[in-house]
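S.K.: Sharing a structure with you now.
The values are calculated or read from the model by the stated rules, or taken from the named source; none is laboratory data. Because the structure is predicted, anything quoted here is derived from the model rather than measured. When we count neighbours, we look across all protein chains shown, and the Cβ atoms used for this are built from the backbone with ideal geometry, even at glycine.
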């Protein structure tokens, strides 16, 4: 098992803020809109440095999406920012009609996703957003794993022509990927080559998958670990190549089992390569109030549960 270390923990939303600020310096067409959560989305620096390109729309998310769609007509590249629940569920109609259906070059950037929002509770802990967004035709869906990768993804999507959903979070997590990495949309990242089982992980569960891989190595189980930072378009080649080699698969995500990464991998394997599959995800449930660690443990989104899923799938191999 390849050894991964980190020197610090950082929140992925700060990676978004740093990437947005970098874009402010290098791309004058980038504009930012926020729905009364500038500090929470770490958009402060952009707002301060480029006030003529920052629009505080207030608690009016639907209006924000409409304004963003309109700005693209003049050649601007709008980045919208609010909590993931409000970025998707609250404004799904506006995203579908004004952005996806129209093919507008809007970057929908969503913080505080999943259970790791913690104490704010179920009303804010959206666990359906990846599914909602990946079902929209033409929508790219990205879920990076740490600060560095979120920063790189934020910068990269400005060069992509078309609608994008970028998901990140509030808690501090191990920052272990390269600082100056090149982010490639739709290109999975191999973290550890193995022969016994494949673990496809996304977002905050990537580090948990690494921890699980270390535990599995002590049992003599050689896990292949792949970071699927782009849910859509899925890296079909990477998924099939790894599944063909290991012949059993586990997916891990901070999302509902229905509609997420596991769902996409299952659909692909059912069509192309029948493979035993186990999913580490939330089982048809809303969240609740608690610390991020408490909730991840209670809902089975941790290294222990990934290890158990691997043991189950190996029996079906």
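S.K.: Which numbered condition trips up residue 3, out of (1) over 23 Å from residue 149 (Cβ atoms); (2) at pLDDT below 95?
M.R.: Failing condition for residue 3: (1).
S.K.: Just checking, which of 216, 191 is modelled with pLDDT of 95 or more, touching a strand residue (DSSP E or B) at 6+ places or on another chain (Cβ under 6 Å) and in a strand (DSSP E or B)?
M.R.: Values: 216 fails: in a strand (DSSP E or B).
One residue alone meets the criteria, 191.
S.K.: Name, by its number, the condition in (1) surrounded by fewer than 19 Cβ atoms within 10 Å (Cβ to Cβ); (2) outside the structural domain of residue 42 (by TED's automatic domain parsing) that does not hold for residue 204.
M.R.: (1)
One line per residue, one yes/no per condition, for (1) in contact with a helix residue (DSSP H, G or I) (Cβ under 6 Å, 6 or more places away or on another chain); (2) buried (at least 23 other Cβ atoms within 10 Å of the Cβ); (3) closer than 19 Å to residue 125 by Cβ:
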| position | (1), (2), (3) |
| --- | --- |
| 253 | yes, yes, yes |
| 291 | yes, no, yes |
| 294 | no, no, yes |
| 297 | no, no, yes |
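S.K.: May I pose another question? Can you find a residue in the range 83-98 that is at positive phi and surrounded by fewer than 19 Cβ atoms within 10 Å (Cβ to Cβ)?
M.R.: No: zero hits.
S.K.: Select from the range 117-151 the residues that are closer than 22 Å to residue 172 by Cβ, surrounded by fewer than 24 Cβ atoms within 10 Å (Cβ to Cβ) and in contact with a helix residue (DSSP H, G or I) (Cβ under 8 Å, 6 or more places away or on another chain) and list them in ascending order.
M.R.: If the condition is that a residue be closer than 22 Å to residue 172 by Cβ, surrounded by fewer than 24 Cβ atoms within 10 Å (Cβ to Cβ) and in contact with a helix residue (DSSP H, G or I) (Cβ under 8 Å, 6 or more places away or on another chain), then 118, 124, 148 are the ones that fit.
S.K.: Something else now. Kindly indicate whether residue 125 is within 24 Å of residue 201 (Cβ to Cβ) and out of contact with any strand residue (DSSP E or B) (no Cβ under 7 Å at 6 or more places or on another chain).
M.R.: So residue 125 fits the description; yes.
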